[in-house]
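The values are calculated or read from the model by the stated rules, or taken from the named source; none is laboratory data. Bear in mind the structure is a predicted one, so any value in this text is a computation, not a measurement. Cβ: placed from backbone, ideal geometry, glycine included. Neighbour counts: every protein chain shown. Heavy atoms of the whole protein, side chains included, go into the accessibility calculation; ligands, DNA and RNA do not. Shrake-Rupley method; radii C 1.70, N 1.55, O 1.52, S 1.80 Å.
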Amino acid sequence: MPTRKAEAEWEGNLAEGRGRLKVGSGTFEGPYSFKSRFEEEAATNPEELLGAAHAGCFTMALTAALSRAQIKAKRIHTEARVKLEKIGEAFAITQIELETEAEVPGIADAAFQQYAQGAKENCPLSKALASTPISMTAKLL
């Protein structure tokens, strides 16, 4: 299995500086700043990228579990919300919420919920983020 990489560069002080984030494959490179992380400036931030990665990992894990059971999903869409809060003098990610909806013909909701829970518990990013509370809601369309 390959080792994945990403890069970050920052210029200037924290409040007024700017940076760039880049993934190793070259498919994404974008700016980030204090304001894009802690306010609402239009640029990315580490938590947004973590959310995208976690949503992707969970969605693939759910697809893999269904595929192993010979169940073919028509579509799975997952949104991740990553909550960053100031705790004392430092910042921490205090919650990740995964919300998925899926079109999976021929599956009962109870079975789908079991597959979704297994994906939440076993996707590599959920395991890496085990010290952060992760909630999940799964809706079968």
For Lys139, the residues 5 or more places away or on another chain with a placed amide H closer than 5 Å to its own amide H are Thr100, Glu101, Ala102
For the range 76-86, Karplus-derived ³J(HN,Hα) couplings (6.51, -1.76, 1.60; θ = phi - 60°; whole Hz; x for glycine and proline) come out as 10, 10, 10, 10, 10, 10, 10, 9, 10, 9, 8
Expressed in µm² per second, the diffusion coefficient of the range 61-137 from the Stokes-Einstein equation, with Rh the Kirkwood radius over alpha carbon pairs, at 37 °C and 0.692 mPa s, is 240 µm²/s
Between the modelled labels at Arg75 and Glu41 (7 Å from Cα along Cα→Cβ) the distance in nm is 3.5 nm
Counting only protein heavy atoms and leaving out ligands, DNA and RNA, the solvent-accessible surface of Lys139 at a 1.4 Å probe, in Å² to the nearest 10, equals 120 Å²
Of all C-alpha pairs within the range 18-85, those more than 17 angstrom apart amount in percent to 54 percent
Treating only Lys and Arg (+1) and Asp and Glu (-1) as charged, each at its beta carbon, one finds that the range 22-98 has a dipole about its Cα centre, in Debye to the nearest 20, of 560 debye
Heavy-atom accessible area with a 1.4 angstrom probe orders Thr132, Thr137, most exposed first, as Thr137, Thr132
The Cα extents of the chain along the principal axes, largest first and rounded to whole Å, are 55, 35, 26
With a 1.4 angstrom probe the carbon and sulfur portion of accessible area for the chain, in percent, totals 53 percent
Given unit charges at Cβ for Lys, Arg (+) and Asp, Glu (-), the dipole magnitude of the chain about its Cα centre in debye, nearest 20, is 640 debye
Using a 1.4 Å probe on heavy atoms of the protein chains only, the accessible area for Met60 in Å², nearest 10, reads 140 Å²
quick note, the chain, DSSP beta bridge pairs, % antiparallel (nearest 5) is 75 percent
The relative contact order of the chain, taking Cα pairs under 8 Å that sit 6 or more residues apart, comes to a percentage of 18 percent
Around Met60 (Cβ within 13 Å, Cβ-to-Cβ, excluding Met60; K/R +1, D/E -1) the net charge comes to +2
Of all stretches in the chain that avoid GluC sites (Glu not before Pro) placed in a DSSP loop and having at most 16 other Cβ atoms within 10 Å, the longest is 90-141
HN-Hα couplings for the range 33-38 via Karplus (6.51, -1.76, 1.60; θ = phi - 60°), in whole Hz with x for Gly/Pro, come out as 7, 4, 5, 6, 8, 10
With the 1.4 Å probe rolled over protein heavy atoms, the chain has an accessible area per residue in Å² of 65 Å²
Expected unfolding gain across Ala6-Ala128 under the 0.36 nm per residue rule, minus the alpha-carbon gap, is 42.3 nm
Reported to the nearest 10 Å², Arg18 has, with a 1.4 Å probe, an accessible area equal to 130 Å²
Low-density loop chymotrypsin sites (Phe, Trp or Tyr not before Pro), the range 21-90, at most 14 other Cβ within 10 Å, DSSP non-H/G/I/E/B, are Phe28
Put Ser25, Ser33, Ser67 in order of accessible area, largest first, probe 1.4 Å, and you get Ser25, Ser67, Ser33
